[in-house]
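Take a look at the structure set out below.
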Amino acid sequence: MANARALPRVISLNPCLDSVLVHVADRSQVVALSHYARDPQQSSIAKIALTYPMTYESAEEVIALRPDVVLTASHSSPATRAALKKLGIRTELFKVPNSWAENQEQIRRIAQAAGHAERGEALIARVEAAMAKGAPRPGTRPITALVFQPNGFAAGHGTLVDEMMRRAGFVNVAERYGLKKWGNVSLERLLDDPPEVLLAGQAAPNAPTWAERILNHPALARVSPRMTRAVFPERLLYCGGPGLMDTAAALAAARRQVLGAAA
């Protein structure tokens, strides 16, 4: 076991990195999480995060906390990253993972930065077990589907969401609407060629979704019997890591909604 005195003190400036860090580091190592970690719309650890200190990503507050390592994302404040570099504070920069393979590498990097490589492997194993549990039975027919964020963006091919859909027995039809990674799908295109399932992003439990406003449009009355709506919480669109366990479960529930318990 690593000597507690030798373990690095870590700050995370990104909600996706927050969620991994709290699973692989000792509580005493986590100097602060990002303020986004407390937002239930964006974070899978919102309740847990209330018990941790947080930062608003300014260089001054991060430096004052005297961390050994700072986890940053590609869209973290450039000014903060530059100040940390100038002072010689170790930073780890992470991009948005576009696949489970990339996400696994990020989990390993975060666990290693915290001095607990074995916990990273344990977390990966838990996510893969959840994926396996949520996978369709052999021979189950694939279901055409589209994922929507509340603001109207759809997830296309080459994204982590797309891979999770495929693993759960869905065919992501974003490409047939002209999308690449992310983009908008117009009402007209949904009318012309609706998917079997619209996985509607949800900002909060029982909150109206962007997709709901679309589906309530009178013009969709003729296609709604062929297009089932299933809830896909907004927070599952942003991060991988431990959140993928909830993603696998949500997609499996949506599949069963269409095909029944045998799926």
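What are the ³J(HN,Hα) couplings of segment 42-56, residue after residue, when phi is run through the Karplus curve with 6.51, -1.76, 1.60 and θ = phi - 60°? Round to Hz, x for glycine and proline.
10, 10, 8, 10, 4, 5, 4, 4, 4, 8, 10, x, 9, 10, 9
By how many degrees, between 0 and 90 and to the nearest 10, does the Cα long axis of helix 15-24 differ from the longest principal axis of the chain?
Its long axis makes an angle of about 60 degrees.
7 Å from Cα along Cα→Cβ at both Glu102 and Lys133: what's the point-to-point distance in nm?
2.7
What is the distance in Å between the Cα centroid of segment 9-85 and that of segment 118-181?
27
With a probe of 1.4 Å, find how much accessible area the chain has per residue, and write the answer as a whole number in Å².
So the chain comes to 48 Å² accessible per residue, rounded to a whole number.
Between Arg126 and Arg90, what is the FRET efficiency for a Förster distance of 22 Å, r being their Cβ-Cβ separation, to the nearest 0.05?
According to the calculation, E is roughly 0.20.
Within a Cβ distance under 11 Å of Asp26, other residues only, what is the Lys/Arg minus Asp/Glu net charge?
Surrounding charge for Asp26 is +3.
Just to verify a number: what accessible area does Ile48 come out at with the full protein assembly present, 1.4 Å probe, Å² rounded to tens?
Accessible surface of Ile48 is approximately 80 Å².
What aspartates and glutamates could a cross-link reach from Lys133, if we take a straight Cα to Cα line under 16 Å and drop same-chain neighbours fewer than 8 places away?
Within reach: Glu163, Asp246.
Segment 133-182: which trypsin sites (Lys or Arg not before Pro) are DSSP loop and have at most 16 other beta-carbon atoms within 10 angstrom?
In loop regions of segment 133-182 (DSSP not H, G, I, E or B), the sparsely surrounded trypsin sites (Lys or Arg not before Pro) are Lys180, Lys181.
For Lys181, list the lysines whose Cα falls under 26 Å from its own Cα; do not include residues on the same chain fewer than 8 positions away.
Those lysines meeting the cut-off are Lys95.
Rounded, prolate or oblate for segment 1-90? Axes are the square roots of the Cα gyration tensor eigenvalues, ordered a ≥ b ≥ c, and the cut-off for rounded is a/c under 1.5.
The shape class here is oblate.
Leaving out ligands, DNA and RNA, and with a 1.4 Å probe, what % of the accessible surface on segment 39-180 is carbon or sulfur?
Summing carbon and sulfur atoms, their accessible area is 55 percent of the total for segment 39-180.
Where a ≥ b ≥ c are the square roots of the eigenvalues of the C-alpha gyration tensor, would you call segment 17-171 rounded, which needs a/c under 1.5, or, failing that, prolate if a/b is larger than b/c, or oblate?
The shape class here is prolate.
In degrees, nearest 10, range 0 to 90: what is the angle between the Cα axis of helix 100-113 and the longest Cα principal axis of the chain?
Helix 100-113 sits roughly 20 degrees off the main axis of the chain.
Of the listed values (i) 58, 50, 33; (ii) 48, 42, 37; (iii) 63, 37, 30, grab the one calculated as Cα extents along the principal axes in Å from the structure here.
(iii)
Mind checking the dipole of segment 1-51: about its Cα centre, +1 per Lys or Arg Cβ, -1 per Asp or Glu Cβ, Debye to the nearest 20?
For segment 1-51, the charge dipole is close to 160 debye.
Quick one: angle between helix 117-134 and the longest Cα principal axis of the chain, in degrees between 0 and 90, rounded to 10, please.
10
The values are calculated or read from the model by the stated rules, or taken from the named source; none is laboratory data. This is a predicted model, so every value here is computed, not measured. All Cβ positions, glycine included, derive from the backbone under ideal geometry; neighbour counts span all protein chains shown. Just so you know, the surface numbers come from the protein's heavy atoms only, side chains and all, with ligands and any DNA or RNA stripped out. Shrake-Rupley method; radii C 1.70, N 1.55, O 1.52, S 1.80 Å.
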